[in-house]
Amino acid sequence: MYEVEIKVQAAHEQVRSKLDEHGATRLEQVQQTDTYYDAPHRDFKATDEALRIRREHNRDAETLIHKLTYKGPRIDDNSKTRIEHEMEIDAPATMDDILTALGFEPAATVEKLRHRYRLGAYTITLDDVTNLGEFVEIETAVESEAAVTDARNRAFEHCRSLGLDPDEQLTTSYLGLLK
């Protein structure tokens with residue numbers, strides 16, 4: 001699966017009103033704590049990869065889930081598009097123990113409050129990232145690399161329709177912005 005994503009730093013108030021105008025569906029509010037790991041065999045910063053354990057508390061449903069995620073290098077210079085593999089895990093402490101035993105070391109933690117909306121096939125997320133500020137992410141998933149360009153162009157259209165400029169997008173991850 002390919003995650004096609006664009007991210008823009010922006011105040012949320014204006015974007016919320018545009019989401020309402022476009023009939024976007026409010027999905028959920030979640031608090032996420034992401035622990036990122038460094039690999040013993042290569043420099044993830046140099047290869048533009050990421051490995052993390054995510055703790056996600058859904059404030060609306062009062063649920064807590066944990067996920068292990070690998071993000072491959074960006075395949076597109078015009079967005080944050082990359083291969084992503086993700087799975088839920090039942091025992092995050094055990095997963096941390098396994099990663100540590102294999103030589104992976106916790107590198108950093110990113111905390112954010114996310115308000116998610118659905119607009120067609122896209123998830124629009126209003127992020128408030130601790131020590132960074134407010135951001136808007138527009139993303140979708142596609143099965144093949146051939147579908148990436150069309151998905152990215154539609155993400156740009158959504159960006160403009162929300163009063164944001166896709167030319168102001170950030171291709172650096174929150175982790176990269178914090179370091």
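Six or more apart or on different chains, Cβ under 6 Å: which pairs go from a residue in region 85-104 that's touching a residue at least 24 places away in the same chain (Cβ under 8 Å) and surrounded by 12 or more Cβ atoms within 10 Å (Cβ to Cβ) to one that's in a helix (DSSP H, G or I) and of a type outside the set (D, E, K, R)? Could you list them?
ILE89/MET95
Can we say ILE98 is farther than 19 Å from ASP48 by Cα, hydrophobic (A, V, I, L, M, F, W, C) and more than 18 Å from the chain's Cα centre (by Cα)? Outline the logic, then answer.
Working: farther than 19 Å from ASP48 by Cα: yes; hydrophobic (A, V, I, L, M, F, W, C): yes; more than 18 Å from the chain's Cα centre (by Cα): yes.
Answer is yes for this residue.
On the given criteria, is HIS115 under 15 Å from the mean Cα position of the chain (by Cα), surrounded by fewer than 19 Cβ atoms within 10 Å (Cβ to Cβ) and not basic (Lys, Arg)?
No, not satisfied.
Is it the case that region 122-143 has a residue that's surrounded by fewer than 13 Cβ atoms within 10 Å (Cβ to Cβ) and without any contact (Cβ under 8 Å) to a residue 40 or more places away in the chain? Give the derivation first.
Pass one, region 122-143, residues surrounded by fewer than 13 Cβ atoms within 10 Å (Cβ to Cβ): 131, 133, 143.
Filter again for without any contact (Cβ under 8 Å) to a residue 40 or more places away in the chain, leaving none.
No, the conditions are met nowhere in region 122-143.
Applying the selection to region 1-21, what residues are farther than 30 Å from ALA101 by Cα, acidic (Asp, Glu) and assigned to a strand (DSSP E or B)?
Scanning region 1-21 gives a single hit, GLU5.
Hey, can you tell me all the residues within region 104-139 that are closer than 26 Å to GLY23 by Cα and of a type in the set (Gly, Ala, Ser)?
The answer is GLY120, ALA121, GLY133.
Considering region 1-35 alone, what residues qualify as being more than 13 Å from the chain's Cα centre (by Cα), of a type in the set (Ser, Thr, Tyr) and closer than 23 Å to GLN169 by Cα?
Once the filter is applied, which keeps residues that are more than 13 Å from the chain's Cα centre (by Cα), of a type in the set (Ser, Thr, Tyr) and closer than 23 Å to GLN169 by Cα, region 1-35 yields only SER17.
Only one of these is touching a residue at least 60 places away in the same chain (Cβ under 8 Å) and not hydrophobic (A, V, I, L, M, F, W, C): THR81, THR47, THR63. Name it.
Step by step, each of THR81, THR47, THR63 is checked, and only THR81 is touching a residue at least 60 places away in the same chain (Cβ under 8 Å) and not hydrophobic (A, V, I, L, M, F, W, C).
Just so you know, all these numbers are worked out from the coordinates, no wet-lab data involved. Just so we're clear, the structure is a prediction, and the values are computed from it rather than from any experiment. As a convention, Cβ positions derive from the backbone with ideal geometry for all residues, glycine included, and neighbour counts pool all protein chains shown.
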